[in-house]
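Q: To start, I am sharing the structure in question, which I have written as structure tokens.
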Amino acid sequence: MNIELIKNRSDIGAGTRGSDMGVDAMEIAAINAGNDYFHRHAYVDVETHNETIYQKNTFTFAKRIEHVYGQCARVAKAVKASLVQGNFPIVLSGDHSSALGTISGIKAAFPEKKLGIIWLDAHADIHSPYTSPSGNIHGMPLAAALGLDNLENRINQIEEGTITYWNSMKDLGVAGPKAEPHHLNYFGLRDFEEEEMRTIQRHNIPVYRVEEVRYRGINACVQECLEELQACDMIYVSFDVDSMDCDSVSYGTGTPVPTGFQAHEISEIIDAFWQSGKVICMEWTEINPLLDNKGNLMAETAFKVLDQISEKISSF
């Protein structure tokens, strides 16, 4: 199977600068390892507008939403084109807001198929502008993709312009939700707000915490998850590096959280889902080399996971 890398060097949805350099940090990791990975696979560079981070923000509870929407639209277009051409897109992103673009691109390519989402992340990323305490959109991609406003738990009174852009984000790729809430599964979730947990509980969204995965075993948890996703025709796996333990791996990410997975556990989880035969797209995101307390270790670790799973995809 032909892998196509979708390089998305955008960090305008984050609260901290630097994740736009995550793709380059992985490329440097490959070079230092003597690995020609980035020469072996076709790639697309998605246009970015990171300079807009310096412009005045006009949307308090959804910062730079107009630019994030534009970025997600470009990512969606690239992902859709890759899938339609029969490739396996691996999206390498700066911040996690662009996952909305990836999900929307998948659904635009296959609007009649049901999508399952595997979210390897310390954070729930299921806020909306109505509930977000920070207004950073990298905490909102799943709410937009699932069409969830969570008005029952609103804490913000948002501007009319924000509502307009938010509704456009929810309709990106194809109109309406891209997946059913119970077809989203979290792995590694451990840092979230009450408003997010209420959404998760109301929609019965499965959560596999680190300690549960270790106690029950990776295969048992993945197989249970796949049974829950039996109705899904395709699966998307999103790997935020903060799903890994920051103390034992690195603090090279915007929102590091202790007590996460080890790199080998991430590899095993992703591989177990790949073995299902339903995974059609993956994403690596939130590497921030400016925050790395161990040189370039976060990017090096993420690249090792990427290289290992790519070998299996390429040989399929």
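The values are calculated or read from the model by the stated rules, or taken from the named source; none is laboratory data. Quantities reported herein were computed from a predicted structural model and do not represent experimental measurements. Note that we place each Cβ from the backbone using ideal geometry, even for glycine, and neighbour counts take in every protein chain shown.
Q: Quickly run through the range 194-210 and pick out the residues that are under 22 Å from residue 276 (Cα atoms) and not aromatic (Phe, Trp, Tyr). Step through it out loud before you land on a result.
A: Restricting attention to the range 194-210, the residues satisfying the condition of being under 22 Å from residue 276 (Cα atoms) are 205-210.
Those that are under 22 Å from residue 276 (Cα atoms) and not aromatic (Phe, Trp, Tyr): 205, 206, 207, 209, 210.
Q: For the range 79-98, give me the residue count where each residue is assigned to a loop (DSSP other than H, G, I, E, B) and under 17 Å from residue 125 (Cβ atoms). Lay out the reasoning, then the answer.
A: Just the residues of the range 79-98 that are assigned to a loop (DSSP other than H, G, I, E, B), to begin with: 85-87, 94-95.
Filter once more, keeping what is under 17 Å from residue 125 (Cβ atoms): 94-95.
Within the range 79-98, residues that are assigned to a loop (DSSP other than H, G, I, E, B) and under 17 Å from residue 125 (Cβ atoms) number 2.
Q: Considering only the range 255-268, I want to know if a residue exists there that is free of Cβ contacts under 8 Å to residues at least 12 places away in the same chain and either under 14 Å from residue 125 (Cβ atoms) or assigned to a helix (DSSP H, G or I) (or both). First the steps, then the outcome.
A: So the first thing to find is which residues in the range 255-268 are free of Cβ contacts under 8 Å to residues at least 12 places away in the same chain, and the list is 264.
Subsequent filtering for residues that are either under 14 Å from residue 125 (Cβ atoms) or assigned to a helix (DSSP H, G or I) (or both) retains 264.
Looking for residues that are free of Cβ contacts under 8 Å to residues at least 12 places away in the same chain and either under 14 Å from residue 125 (Cβ atoms) or assigned to a helix (DSSP H, G or I) (or both), one finds at least one in the range 255-268, hence yes.
Q: Restricting attention to helices (runs of 4 or more DSSP H) lying wholly within the range 125-222, give those where 3 or more residues are farther than 25 Å from residue 234 by Cβ and over 19 Å from the mean Cα position of the chain (by Cα).
A: 160-170, 194-202, 210-216
Q: Let me ask you something else. When both residues are 6+ apart or on different chains and their Cβ atoms are under 6 Å apart, which pairs have a first residue that lies in the range 39-52 and is part of a loop (DSSP other than H, G, I, E, B), and a second that is of a type in the set (A, V, I, L, M) and surrounded by 14 or more Cβ atoms within 10 Å (Cβ to Cβ)?
A: Close Cβ pairs satisfying both conditions: 41/3; 41/5; 46/75; 46/78.
Q: Residue by residue through the range 58-78, note down the ones that are outside any helix (DSSP H, G or I) and either closer than 15 Å to residue 11 by Cα or basic (Lys, Arg) (or both).
A: Step one: filter the range 58-78 for residues outside any helix (DSSP H, G or I), giving 58-64.
Within the range 58-78, 62, 63, 64 meet the criteria.
Q: Which of the residues spanning the range 57-92 are buried (at least 20 other Cβ atoms within 10 Å of the Cβ) and touching a Lys or Arg at 6+ places or on another chain (Cβ under 8 Å)?
A: Of everything in the range 57-92, just one residue is buried (at least 20 other Cβ atoms within 10 Å of the Cβ) and touching a Lys or Arg at 6+ places or on another chain (Cβ under 8 Å), namely 92.
Q: Same structure, new question: Would you please name the residue that is surrounded by the most Cβ atoms within 10 Å (Cβ to Cβ), looking only at residues in the range 99-114 that are out of contact with any Cys (no Cβ under 6 Å at 6 or more places or on another chain) and not in a helix (DSSP H, G or I)?
A: First, pick out the residues of the range 99-114 that are out of contact with any Cys (no Cβ under 6 Å at 6 or more places or on another chain): 99, 102-105, 107-113.
Cutting the leftovers down to not in a helix (DSSP H, G or I) gives us 110-113.
Working: 110: 16, 111: 11, 112: 6, 113: 12.
Going through the qualifying residues, I end up with 110.
Q: While we're looking at this one, here's another question. How about the range 161-186: which of its residues are more than 19 Å from residue 71 (Cα to Cα) and touching a Phe, Trp or Tyr at 6+ places or on another chain (Cβ under 6 Å)?
A: Within the range 161-186, just 186 meets the criteria.
Q: Then there is this: So in the range 3-30, with the set limited to residues that are among the small types (Gly, Ala, Ser) and assigned to a helix (DSSP H, G or I), which one is farthest from residue 61 (Cα to Cα)? Please lay out each step first, then the result.
A: The initial filter retains those residues of the range 3-30 that are among the small types (Gly, Ala, Ser), namely 10, 13-15, 18-19, 22, 25, 29-30.
Adding the requirement that they be assigned to a helix (DSSP H, G or I) leaves 19, 22, 25, 29-30.
Values: 19: 21, 22: 26, 25: 31, 29: 36, 30: 38 Å.
This residue is 30.
Q: Do we have residue 307 as part of a helix (DSSP H, G or I), modelled with pLDDT of 95 or more, among the charged types (D, E, K, R) and buried (at least 24 other Cβ atoms within 10 Å of the Cβ) here? Before you say what the answer is, go through the steps one by one.
A: Numbers: part of a helix (DSSP H, G or I): yes; modelled with pLDDT of 95 or more: yes; among the charged types (D, E, K, R): yes; buried (at least 24 other Cβ atoms within 10 Å of the Cβ): no.
It is false that residue 307 is part of a helix (DSSP H, G or I), modelled with pLDDT of 95 or more, among the charged types (D, E, K, R) and buried (at least 24 other Cβ atoms within 10 Å of the Cβ).
Q: From the list 213, 174, exactly one residue is surrounded by fewer than 21 Cβ atoms within 10 Å (Cβ to Cβ), more than 18 Å from residue 274 (Cα to Cα) and modelled with pLDDT of 95 or more. Which is it?
A: None of the others qualify; the one that does is 174.
Q: In the range 13-41, how many are modelled with pLDDT of 95 or more, among the hydrophobic types (A, V, I, L, M, F, W, C) and within 26 Å of residue 126 (Cα to Cα)?
A: 2
Q: Of the numbered conditions (1) buried (at least 18 other Cβ atoms within 10 Å of the Cβ); (2) in contact with a Lys or Arg (Cβ under 7 Å, 6 or more places away or on another chain); (3) not in a loop (DSSP other than H, G, I, E, B), residue 271 satisfies every one except a single condition; which is it?
A: (1)
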